[in-house]
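Asks: Before I ask anything, let me first share the structure, which is written out below as structure tokens.
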Amino acid sequence: MTKDYNFLLAGVGGQGTILASNVLADVGLAAGLDVKKSEVHGMAQRGGSVNTHVRWNAERVFRR
């Protein structure tokens, strides 16, 4: 069993949280890892919260 790497990014709409998670996911893919990403957009366009979760694993990423 290989180790999961989990990243949770949280911010306020307009801070680039989704862009940062996209870059993080691309880095994992470029390293040859399996990557899953989820996003939660609150009232992002009005300054609300934005949360993204990125998970890496060398074999396969499973949902929990």
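The values are calculated or read from the model by the stated rules, or taken from the named source; none is laboratory data. This structure is a prediction, so every number in the text was calculated from the model and none was measured. Glycine also receives a Cβ, built like all others from the backbone with ideal geometry; neighbour counts cover every protein chain displayed. To get the accessible areas, we keep the full protein, side chains included, count just its heavy atoms, and leave off ligands, DNA and RNA. Shrake-Rupley method; radii C 1.70, N 1.55, O 1.52, S 1.80 Å.
Asks: Which net charge results for the neighbourhood of Ala58, defined as the other residues with beta-carbon distances under 14 angstrom from its beta-carbon, given Lys and Arg at +1 and Asp and Glu at -1?
Replies: Overall, the nearby charge balance is +1.
Asks: Run the accessible area of the chain with a 1.4 Å probe and give the carbon-and-sulfur part as a rounded percent.
Replies: In the chain, the share of accessible area belonging to carbon and sulfur is 56 percent.
Asks: Between Glu59 and Thr2, what length in nm is gained on full extension when 0.36 nm per residue of separation is reduced by their alpha carbon distance?
Replies: Extra length from Glu59 to Thr2 when fully extended: 19.8 nm.
Asks: Let me ask another. Give me the angle, in degrees from 0 to 90, between the Cα long axis of helix 17-30 and the longest principal axis of the Cα atoms of the chain, rounded to the nearest 10.
Replies: 10 degrees
Asks: Right, here's the next one. Rounded to two decimals, what is the ratio between the C-alpha radius of gyration of the chain and 2.2 N^0.38 Å?
Replies: Compactness ratio reported: 1.18.
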